[in-house]
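Working notes, beginning with the structure itself.
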Amino acid sequence: MLKVLFIASECDPFAKTGGLGDVVGSLPLALRKMRIDARVIIPKYGNIPAEYKKEMIHKKTLTIPVGWRNQYGGLEILDVMDRDGVPYYFLDNETYFKRDGLYGYYDEAERFSYFCRGVLECIPYMDFEPQILHCNDWQTGLVPLFLKEFYKDKPLYEKMKTVFTIHNLKYQGIFPMEVLNDVLGLDQAYSGYEGIEFNSNVNFMKAGIVSSDMVTTVSKTYSQEIKLPYYGENLDGLLRKYEDKLQGIVNGIDYNKYNPETDPHIYVNYRSSITKKEQNKAKLQEDLGFPIENVPVVAMVSRLTSQKGLDIFVHILEELLSLDLQLVILGTGDYKYEQILRNAAERHPQKMRALIMFNEDLACKIYASSDLYLMPSLFEPCGLSQLIALRYGSLPVVRETGGLQDTVTSYNEKTGEGNGFSFTNFNAHDFLHTIKRALSIYNDHKSVWNKIVKNALKSNFNWIGSAKKYQQLYETLLSDQADERDSSPSKILRIG
Ligand code: GLC
């Protein structure tokens, strides 16, 4: 059986700040259904809910090298049978991880360098010999580098292969060169080594890209985009250089968790009934204190940051509010956007709510009750909320970038195809125009609208298809290894 260890800084339901946590919480489940022994390791953060912490079993006390120091490491395990039996491992060190939240501390380089080294130290005590180490985002970028540098000549590690998945190239883990020796324990000779040096700093994401056997990102389009300066976050040259090992595999979502037929959070469960969806809408309008009328409800559930296209959104906000609709926004983020949205909502109490909070229950209600879902991202490696919106029959309006381009097809009048609406350029009025196009169909061509809703409900982005692609990738990596073994004797023969 194929054995894969997922290494990440987030995993739902233990610790999550965004899409990374959702993916690490759901992809291993899908892989296990395909008879792959997928397991997960994350840091044991202080904020992990107590119900899980009390079930964890201490497996081993270790000493983890951090530069010239040795630090405590505790390997803990949680076997959650009701989650299809994924074994979850946690690396415990209270000094590094028993803090509020997950990120944003002065010693991030040390915390995550410790984590990467610690994971590799823990492997002999897991009762599990992974063939693939599947690393995710910069926090785990040092795993492939440390594997090569410190472990490759040990029999247990010799044949291990590494996959590094980029969920968001914008966050790279860049630190001063001083950490190289003091924290990472790498020789000064490495300061010029392409594996980690970046503009005279240390870059964890670069280390992951250069040192891993295969690099993936979370949609095909994003895997192409990041090779261009506009999306490349200064690593486009490097990604072009390594393009042969770069692949895009689109994310899925957990279709059991996000299922309008069974979701306990929503008002009325439904599969494809437009009437029942309208009943949800009326309830939401009531809860939000909106007039209960037949106007389109337009929604956004998002981190309020520039990545998510908030700049073009706030630019057209007043014009949008002059139209016949109700607007609900749920999310937190940059203060400037929060303030603009709060102010607008105060000025338009009959038309707009700005719910500046993170609330999964409300999020599900909004997906189920809204007609139109806005996602005008500046860039979007994959995006999960447009997939949830499709699943609940709320039609996405997206900018054609990254995973949005790969999952939303703009409605085409001629063919009748499409599950939403999209626009190409990051331009506020192109966005507004696209919303107006959608609203005119909603208002004047209800049967067409209902057809697009049906198309959305039929779109399929569960994990099965993508999990198969990961399986193929793992198998290819391992068969390359077999090829290497097969070819070595013949080389010797030829030399002989
Ligand atoms: C990041 C990206 C998002 C992606 C998620 C999971 O949060 O910004 O686009 O869906 O990771 O891969």
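The values are calculated or read from the model by the stated rules, or taken from the named source; none is laboratory data. Keep in mind the model is a prediction, meaning the values are calculated, not measured. Neighbour counts run over all protein chains shown; Cβ positions are idealised from the backbone, glycine included. Quick note on the areas: whole protein, heavy atoms, side chains included, nothing else; ligands and nucleic acids left out. Shrake-Rupley method; radii C 1.70, N 1.55, O 1.52, S 1.80 Å.
Taken along the Cα-to-beta-carbon direction at a fixed 7 Å, the label points for GLU346 and ILE464 span 5.1 nm. With all protein chains in place and a 1.4 Å probe, the accessible surface of region 307-346 carries 47 percent carbon and sulfur. Here the peptides 6-16, 167-177 are ranked by packing, the mean other Cβ count within 10 Å, and the order with the highest first is 6-16, 167-177. Which percentage, to the nearest 5, of the DSSP beta bridges contained in the chain is antiparallel? Roughly 30 percent of the beta bridges in the chain run antiparallel, per DSSP.
The mean accessible area for residues of the chain, using a 1.4 Å probe and ignoring ligands and nucleic acids, is 41 Å² per residue. Note on GLN188/ALA50: beta-carbon distance plugged into 1/(1 + (r/R0)^6) with R0 of 45 Å gives a FRET efficiency of 0.50. Most tightly packed first, judged by the mean number of other beta-carbon atoms within 10 Å of their residues, the peptides 291-299, 19-27 read 19-27, 291-299.
A crude spin-label estimate for the pair ARG69 and TYR171, with each label 7 Å from Cα along the Cβ direction, gives 2.4 nm. Region 439-456 and region 346-367 have Cα centres separated by 24 Å. One quarter of the convex hull surface built on the alpha carbon atoms of region 274-458 amounts to 9.3 nm², the projected area averaged over directions. Using the Kirkwood formula on the Cα atoms of the chain, what hydrodynamic radius do you get, in angstrom to one decimal? It is 24.0 Å. Within region 118-159, whose backbone N sits under 12 Å from a point 7 Å along Cα→Cβ of LYS60? Backbone N within reach: 118-130, 156-157. Can you classify region 203-283 as rounded, prolate or oblate using the Cα gyration tensor, where a ≥ b ≥ c are the square roots of its eigenvalues, rounded means a/c under 1.5, and otherwise it's prolate if a/b beats b/c and oblate if not? Prolate is the answer for region 203-283, as a/c is 1.5 or above and a/b outweighs b/c. As a calculated quantity, the FRET efficiency between ASN269 and TYR105 at R0 = 35 Å, using C-beta atoms, amounts to about 0.25.
Protein-only accessible surface at a 1.4 angstrom probe places the residues PHE112, PHE198 in the order PHE198, PHE112, largest first.
The length gained by stretching the chain between LEU156 and LEU478 to full extension, at 0.36 nm per residue less their Cα-Cα distance, is 114.4 nm.
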